[in-house]
1. Find, among the trypsin sites (Lys or Arg not before Pro) in the range 52-105, those assigned to loop by DSSP (not H, G, I, E, B) with at most 13 other beta-carbon atoms within 10 angstrom.
2. What fraction of the Cα pairs in the chain, stated in percent, has a spacing above 36 angstrom?
3. Report the label-to-label distance for R34 and D263 in nanometres (one decimal), using points 7 Å from each Cα along the Cα→Cβ vector.
4. Starting from the Cα of K71, draw a straight line to each of the aspartates and glutamates and keep only those under 14 Å, dropping any in the same chain fewer than 8 residues away.
5. Once each part is reduced to its C-alpha centroid, what is the distance from the range 13-37 to the range 58-91 in angstrom?
6. Starting at the first residue of the range 115-126, write each ³J(HN,Hα) from the Karplus equation 6.51 cos²θ - 1.76 cosθ + 1.60 with θ = phi - 60°, in whole Hz, x for Gly and Pro.
7. List the pair-distance distribution P(r) of the range 67-124, using every Cα-Cα distance, as the percent of pairs falling in each 5 Å bin from 0 up to the bin containing the longest distance, rounded to whole percents.
8. How much net charge surrounds G143 when only other residues with a Cβ under 15 Å from its Cβ are counted (Lys, Arg +1; Asp, Glu -1)?
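We did not get these values from a lab; they are worked out from the coordinates using the rules stated. Bear in mind that the values here come from a model prediction, so they are computed numbers and not experimental data. Don't worry about glycine lacking a Cβ; one is built from the backbone with ideal geometry, like all the others, and counts go over all protein chains shown.
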Amino acid sequence: MRKFIIAALQLNSNDNKKQNLRNVITLIEEAAERKAKIVAMPENMNYVGVEKESETIPGYTTNLLAEQAVKYNIYIHCGSISEDSKTGRPYNTTVFINPKGEIICKYRKLHMFDVDIKEGPSFRESDNKTPGSEIVTIETEYGNLGFSICYDIRFPEMYRIMALNGAQIIFAPACFLMNTGKDHWEPLLRARAIENTCYIVAPAQIGIKPSYQAYGKTLIVDPWGNVIAKAMDKPCVVTSEIDLDYLENIRKQVPSLKNRRSDIYDLKKVIKNN
């Protein structure tokens, strides 16, 4: 399908997993009423807290989301949840569920958020999470999709690989800090969209978390770099039309992906391995 509606949820998740999921179900219903064919969620969609709350995949959260996908005949992008790992350090994982309730792909966050923000919090995600090892794209009836999570947005090589692998829509669920989000969030998303002539769908967390404030500002950005949907400062649903013919027209006007000097710099080896 060349034109369709996509929805991105903005959440204020906390340490009450069951209540978080009830909130998600309410917003999924709203998105479905607004004719969304794909509903995307932010990072840590089911739990934000100090305790470890990892799950198996499939498991409690993904089974619940699968029920909603079947109920509303939609695709659901779960943002991310904490997935059990043999190392004892969970993965930060997203899954994509089809209208039959089947998990058709899984992506584990590659880049760990290990930072020291001046006059802000410090994080060592690598102390508590296991990084993934695969760049993921899939083909669907609604175009070719790519997957990233939060801090991944700062690594343009990853997005370029997804674009060269055919991605037309890339998901960037996040729980961005207020400290960095106010200066970096929108410029990064618009840059990735422009560089790769693709749609960026960026559902975000908002609100006060245990050790930081989440920035919010859920966005959908088109292949020209225009912000075509932006959330208010509260939990909500934003929607926008995705037009793959418009995307292809932009790629013809500004064929930067074709004009790459692959004789000088080449990502083929990386692309082949992923």
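1. On the way: sites: K52, K71, K86, K100; in loops: K52, K86, K100.
Taking the range 52-105 and a limit of 13 other Cβ atoms within 10 Å, the loop trypsin sites (Lys or Arg not before Pro) found are K52, K86, K100.
2. Values: 3219 of 37401 pairs.
The proportion of pairs with Cα distances above 36 Å equals 9 percent.
3. Once both label points are built, they end up 4.8 nm from each other.
4. In chain and number order, the partners are E29, E30, E33, E102.
5. Taking the Cα centre of each part, the range 13-37 and the range 58-91 sit 13 Å apart.
6. Working through the residues one at a time gives 9, 10, 8, 4, 6, x, x, 10, 9, 9, 4, 5 Hz.
7. Calculated over all Cα pairs of the range 67-124, the distribution is 5, 17, 17, 17, 15, 12, 8, 6, 3, 1 percent.
8. Numbers: positive: R2, K3, K37, R251; negative: E139, E141, D222, E241, D243, D245, E248.
Around G143, the charge tally is -3.
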